[in-house]
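Below is one structure, written out as structure tokens, with a few remarks after it.
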Amino acid sequence: MQSDLHFYMHRIVFKLRDLFYPPQSVLDEAGLRSGFTVVDFGFGTGSYTVPAAARCGSDGRVYAIDVHPLAIRAMKRRIRSGRLDNISVIQTGCATGLPDNAIDAVLLYDVFHALSKPDEVLRELHRVLKPAAIVSFSDYRLGRKEAQQALTKDGLFKLLREGGKTLSFQRI
């Protein structure tokens, strides 16, 4: 887990990033629709969580998952102040507690490089995803080939498509 200082520094950097690369343009590639149930794993500053919740609508749900207590507290404040009833927060580094085959899509943005047990996280995400569901992936520290190898090596996911900003993997 990153230090509090590191978390605050990321907040500043990601706010700047969001000005130049709006989260909506990244989410366009994820294919989220009204009624979807989504996991935003390692949501950090929540750049994608709130826009994803808007796309999923009142019939959908976003599970905002992160290990860092500051991220959890900040997201809970955003939920209360914005009356965002379709976002639930889960504090964990891996085990989500979600039921099997319940999730339509996972957002795995800018966090994979920091996971202490990435293979366990991928197994957990595979477990909770519905058959043929999508993992929308982007990580500024990994190249596309490295990302593809990491997500496909255990046969849990296959590359579905390459977008301009993300890679989409399908649950096998």
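General observations
- Each peptide in 127-137, 34-44 gets a packing score, the mean of other Cβ atoms within 10 Å over its residues, and the list from highest to lowest is 34-44, 127-137.
- Full-stretch length increase - ALA114, GLN24 - with 0.36 nm per residue and alpha-carbon distance subtracted: 30.1 nm
- The Cα atoms of the chain define a convex hull whose projected area, averaged across directions, is 8.9 nm².
- 1.4 Å probe accessible area per residue over the chain, in Å²: 51 Å²
- For ARG123 and GLN170, a Förster radius of 22 Å and the Cβ-Cβ distance give a FRET efficiency of 0.85, rounded to the nearest 0.05.
- Given charges at Cβ of Lys, Arg, Asp, Glu: segment 56-133 dipole, positive-most of ALA74, PRO118, LEU108: ALA74
- Label-to-label distance for ARG141 and LEU16 is 1.8 nm, based on points extended 7 Å past Cα in the beta-carbon direction.
- Taking amide hydrogens as placed 1.01 Å from N in the peptide plane, the amide H of GLY42 sits under 5 Å from those of ILE65, ASP66, each at least 5 positions away in sequence or on another chain.
- DSSP bridge pairs, the chain: antiparallel proportion in percent, nearest 5: 30 percent
- When each of the peptides 143-149, 72-78, 50-56 is scored by the mean number of other C-beta atoms lying within 10 Å of its residues, the order from highest to lowest reads 50-56, 72-78, 143-149.
- Estimated [θ] at 222 nm from DSSP helical runs (n ≥ 4, -39500 (n - 2.57)) normalised by residues in the chain, nearest 500: -12000 deg cm²/dmol
- For the chain, the carbon plus sulfur part of the accessible surface works out to 53%, probe radius 1.4 Å.
- Three-way shape call for segment 30-120 based on the alpha-carbon gyration tensor, with the a/c threshold at 1.5: oblate
- Length gained when the stretch SER34-GLU162 is fully extended (0.36 nm per residue, less Cα-Cα span): 43.8 nm
The values are calculated or read from the model by the stated rules, or taken from the named source; none is laboratory data. Values in this document were obtained by computation on a predicted structure and should not be read as measured data. Positions of Cβ are backbone-derived with ideal geometry, glycine not excepted, and every protein chain shown enters the neighbour counts. Only protein heavy atoms, including side chains, enter the accessible area calculation; ligands, DNA and RNA are left aside. Shrake-Rupley method; radii C 1.70, N 1.55, O 1.52, S 1.80 Å.
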